[in-house]
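Working notes, structure below.
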Amino acid sequence: QDVYKIGGIGTVPVGRVETGVLKPGMVVTFAPAGLTTEVKSVEMHHEALQEAVPGDNVGFNVKNLSVKELRRGYVAGDSKNNPP
């Protein structure tokens, strides 16, 4: 849905999990940009999650990507399992 820069945390894309799961430590690829990164943490309503499931609206902190590199509408998928 959107991408934020949060002081002391970094780049936080926000969106809904459509299929599969999203967990800290996962490596995800963003399409159509083809950018790959690790998920540092996942939060919903300011609470840390060990796993986000379909239907969850979450924010997730990603490593080494700037807000400028990601755009609203990008899709993130598991890099190890049929990435987008």
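Each value in this text was obtained by applying a stated rule to the coordinates, not by laboratory testing. Model, not experiment: these values are computed from the prediction. So basically every Cβ, Gly included, is an ideal-geometry build from the backbone, and we count neighbours across all protein chains shown.
Modelled spin-label separation between Arg71 and Glu51, with each label point placed 7 Å from Cα along the Cα-to-Cβ direction: 3.4 nm. Among Gly20, Asn57, Gly34, flag the residue with its Cα farthest along the positive direction of the charge dipole of the chain, charges on Cβ as +1 for Lys/Arg and -1 for Asp/Glu. Checked the options; the winner is Gly34.
Can you tell me the FRET efficiency between Asp2 and Thr36 if r is taken as the Cβ-Cβ distance and R0 is 25 Å, rounded to the nearest 0.05? For Asp2 and Thr36, the calculated efficiency is 0.75. Computed over the chain with a Gaussian network model linking Cα atoms closer than 10 Å, the most mobile of Val53, Val62, Val42 is Val53. Counted by neighbouring Cβ atoms within 10 Å, the residues Met26, Met44 run from fewest to most as Met44, Met26. Taken about its Cα centre, the stretch 3-78 carries a charge dipole of about 340 debye when Lys and Arg each add +1 at the Cβ and Asp and Glu each add -1 at the Cβ.
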